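Each value in this text was obtained by applying a stated rule to the coordinates, not by laboratory testing. Keep in mind the model is a prediction, meaning the values are calculated, not measured. Heads up, the Cβs are rebuilt from the backbone with ideal geometry, glycines too, and the neighbour counts pull from every protein chain shown.
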Amino acid sequence: MEIAKLVEDVAFNLLKQAVIYLPEDVKEALKKAYAEETSETGKTQLKAILDNIELAEKYMAPVCQDTGTIIFYVQAGAKVKNLDKIEEALVKATRRATKEIPLRPNAVDPLTQKNSGDNTGRFIPYINWEIVPGDSLELTVMPKGGGSENVCLTGMLVPGEGINILKKFVIEAVINAGAQPCPPTILGVAMGGGADIAMKIAKKALLRPLDQPNPNPEIAKLERELYEAANMTGIGPMGLGGKTTVLGVHVEYAFRHPASFPAAVAFNCWAARRATARIYSDGTVEYLTHKSLV
Amino acid sequence: MAIYHLKTPISEGEIRKLKVNDVIYITGTIVTARDQAHRRAIEYFKQGKPLPINLEGLAVFHCGPVVSKEGEKWVALAAGPTTSTRMDIFEDEFIKNFKVRVVIGKGGMGKRTTDAMAKYGAIYGAFTGGAAILAAKAIKNVKGVEWLDLGTPEALWIFEVEDFGPLTVAIDSHGNNLFMDVAKTVEENRKRIYEKLGLQP
């Protein structure tokens, strides 16, 4: 099969898997939160979330009506042929998914306020490219909800204040976000790079499974510390109070300019959707996040 | 925490009984409206133009559903709430002009809406954000759609619902606002967090 059609089909399947079935690690974290939540109102919210996840799977319907802005991450092996055909294939897959699953049309021209109706438009779906050695292609889709996107933020912190200023930045972001991002959320936190780099890696950190801390033990410690602190806020499920405000915190970093300390916090709602597949050079496809479905 | 099952049209008396943290389920008619529909409804009112549906005693739902047309019939596939704070600039006038009794959404609303709810007798029911299928399964029939020119998320969708919920009463008609209460608790907790992390305020 030619690569364009194959990529289109795989991307369509990924979109479908992602919007209907939450990844196992997210489901496990939500079940654990329900078992451990002590606020009655918080528990009601988590129960509604778990019931909803079950219904979505049963009826094969999108788990949330906001099926998000469609973002792809492509890890392309340098030896893969016809890479120039992939972008068009991903756009086609997005159009098809919008019509057939269906997804809610979420792409609006900011100048005219017109909705394109098919989730595509200038730069949308957005594609993050990475060229890696080899001849296989790894595709990930992240349908990113608007409610949690609205509270993402970057900041240029004071380098002289050290790591504590980052902790403060994150805690303040969680407190200011309150109920808006549909807690319990997952946080992608980044420090360093530049304003754009920080947000890019913070968002990418949302793709990491919840049971995988950062391999750097110092960073993993920071993740745990921020996780515990965020859950001390009392914001709780849906901001109605309780001890489950975040399901996980993933920290990434890049080296920074001596005069700059860029930081970013990317929020993902509890409906933390993602799906990944790898396409090998012989055309075989391996679905990595939703193995049990294929 | 008490549980109530309400049928539309809902009277002011029924609303006044409810307190924050109560849980309600609604049977009857609910109508979706987001930013654009709120804006247009208020413009219509100013111009003396009637709305396509009388909202008195009904519930307005901050929601942009995923819908599909099967033959001539619309079906709501996913219909969770959207963030209500965006509607804060419209809701007091909306409640006053159209006499809706329940506002359904997520994330809560501010003082302006809380005051209007106390004055005119309305409550805010928090529906679990993202619980779109739970909501869709309670929608028994799409009775109609108006203002489709605003796009499907922004249109007025008229839903016939059965036991739509659970809705946590997060703003009651007595000036109580659960989100503001939580905000106070968070304010207290912030100090403890700063101490634990060794941060300067």
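How would A:R122, A:R273, A:R95 line up from fewest to most surrounding beta-carbon atoms within 10 angstrom? Each step should come with its number before you reach the end.
Values: A:R122 9, A:R273 27, A:R95 19.
Arranged by neighbour count, lowest to highest, A:R122, A:R273, A:R95 become A:R122, A:R95, A:R273.
Using label points projected 7 Å from each Cα along Cα→Cβ, tell me how many nm separate A:V158 and B:E188, to one decimal.
3.1 nm
Per q in 0.14, 0.16, 0.23 1/Å, what log10 I(q)/I(0) does a Debye calculation on the alpha-carbon atoms of the range A:1-122 return?
Taking Cα atoms of the range A:1-122 as identical point scatterers yields -0.74, -0.88, -1.23.
State the volume of the convex hull built on the alpha-carbon positions of chain B, expressed per residue in Å³ and rounded to an integer. Present the calculation step by step, with values, prior to reporting the outcome.
On the way: hull volume 26.7 nm³, N = 201.
Spelled out: Cα convex hull of chain B, divided by residues, is 133 Å³.
Please tell me which of these pairs span more than 29 angstrom C-alpha to C-alpha: A:K5/A:K144; A:K85/A:K291; A:K5/A:K47; B:K73/B:K96? The partial results should precede the final answer.
Numbers: A:K5/A:K144 25 Å; A:K85/A:K291 27 Å; A:K5/A:K47 41 Å; B:K73/B:K96 33 Å.
Distance filter (> 29 Å) returns A:K5/A:K47; B:K73/B:K96.
Quick one: go through the range A:150-169 and flag any residue whose amide nitrogen is under 15 Å from the point 7 Å out along the Cα-to-Cβ line of A:H257.
A:155-160
If you line up the long axis of helix A:195-205 against the longest principal axis of chain A, both from Cα atoms, how many degrees apart are they, to the nearest 10?
80 degrees
To the nearest whole percent, what portion of all C-alpha pairs in the protein assembly as shown is separated by more than 40 angstrom?
Details: 25909 of 122265 pairs.
Tail fraction, whole percent: 21.
Calculated FRET efficiency, B:K111 and A:E228, Cβ-Cβ r, R0 41 Å, to nearest 0.05? Don't jump to the answer; show the numbers that get you there.
Values: r = 32 Å, r/R0 = 0.78.
The formula returns an efficiency of 0.80 here.
Charges at C-beta only: +1 for Lys and Arg, -1 for Asp and Glu. How large is the resulting dipole of chain A about its Cα centre, in Debye rounded to 20? Can you show the working numbers first?
Values: 33 positive and 34 negative charges, 65 e Å.
The calculation lands at about 320 debye.
Using alpha-carbon pairs under 8 Å, 6+ residues apart, how would you state the relative contact order of chain B in percent?
Numbers: 460 pairs, mean separation 54.5, N = 201.
Relative contact order, chain B: 27 percent.
Please order A:E37, B:E93 by the number of other Cβ within 10 Å, starting at the fewest.
Working: A:E37 21, B:E93 16.
Placing the least packed residue first, the sequence is B:E93, A:E37.
Hey, how many Å between the Cα centroid of the range A:13-34 and the Cα centroid of the range A:240-294?
12 Å
So if we plug the beta-carbon distance of A:I219 and A:Y126 into 1/(1 + (r/R0)^6) with R0 = 30 Å, what FRET efficiency do we get, rounded to 0.05?
Values: r = 26 Å, r/R0 = 0.88.
After rounding, the FRET efficiency stands at 0.70.
How high is the FRET efficiency between B:K73 and A:K58 when r is their beta carbon distance and R₀ equals 25 Å, given to the nearest 0.05? Write down the numbers at each step before the final one.
On the way: r = 22 Å, r/R0 = 0.88.
E between B:K73 and A:K58, to the nearest 0.05, is 0.70.
For the range B:3-197, give the share of DSSP beta bridges that are antiparallel, in percent and rounded to the nearest 5; count only bridges with both residues there. Could the numbers behind the result be given before it?
Numbers: 23 of 39 bridges.
Taking every DSSP beta bridge within the range B:3-197, about 60 percent pair in antiparallel fashion.
Nearest 500 deg cm²/dmol is fine: what mean residue ellipticity at 222 nm does chain A get from its DSSP H runs of n ≥ 4 alone, each adding -39,500 (n - 2.57), divided by its residue count?
Working: 8 runs with 110 residues, N = 294.
Mean residue ellipticity at 222 nm (helix-derived): -12000 deg cm²/dmol.
So what is the relative contact order for the range A:147-268, in percent, with contacts set as C-alpha pairs under 8 Å and at least six apart?
On the way: 269 pairs, mean separation 54.7, N = 122.
Over the range A:147-268, the number comes to 45 percent.
How far is helix B:178-197 tilted, in degrees, relative to the longest principal axis of the Cα atoms in chain B, given as a value from 0 to 90 rounded to the nearest 10?
That helix lies at roughly 40 degrees to the long axis.
Please go through the range A:77-181 and write out the chymotrypsin sites (Phe, Trp or Tyr not before Pro) that DSSP classes as loop and that have at most 15 other C-beta atoms within 10 Å. Walk me through the intermediate numbers first.
On the way: sites: A:F123, A:Y126, A:W129, A:F169; in loops: A:F123.
Here the sparse-neighbourhood loop sites are A:F123.
By how many degrees, between 0 and 90 and to the nearest 10, does the Cα long axis of helix B:111-120 differ from the longest principal axis of chain B?
Here the helix axis deviates by roughly 60 degrees.
Arrange B:T152, B:T114, A:T185, A:T284 by Cβ neighbour counts within 10 Å, fewest through most, would you? It would help to have the intermediate numbers written out before the result.
Working: B:T152 19, B:T114 25, A:T185 28, A:T284 9.
With the sparsest Cβ surroundings first, the list reads A:T284, B:T152, B:T114, A:T185.
Where in the range A:53-85 does the amide nitrogen come within less than 16 Å of the point 7 Å from the Cα of A:E2, taken along Cα to Cβ?
A:81-85
Determine the percent antiparallel among the DSSP beta bridges restricted to the protein assembly as shown, to the nearest 5. Don't jump to the answer; show the numbers that get you there.
Working: 52 of 83 bridges.
Among the beta bridges of the protein assembly as shown, antiparallel pairing accounts for roughly 65 percent.
Rounded to the nearest 20 debye, what is the charge dipole size of the protein assembly as shown about its Cα centre when +1 sits on each Lys and Arg Cβ and -1 on each Asp and Glu Cβ? Spell out each step's value before the answer.
Working: 60 positive and 58 negative charges, 100 e Å.
Its charge dipole is roughly 480 debye.
Lone cysteines in chain A, going by a 4.7 Å Cβ-Cβ cut-off?
By the Cβ distance rule, which asks for a partner under 4.7 Å, the isolated cysteines are A:C64, A:C152.
Hey, got a sec? Which GluC sites (Glu not before Pro) in the range B:3-59 land in a DSSP loop and have at most 13 other Cβ atoms within 10 Å?
Values: sites: B:E12, B:E14, B:E43, B:E56; in loops: B:E56.
In loop regions of the range B:3-59 (DSSP not H, G, I, E or B), the sparsely surrounded GluC sites (Glu not before Pro) are B:E56.
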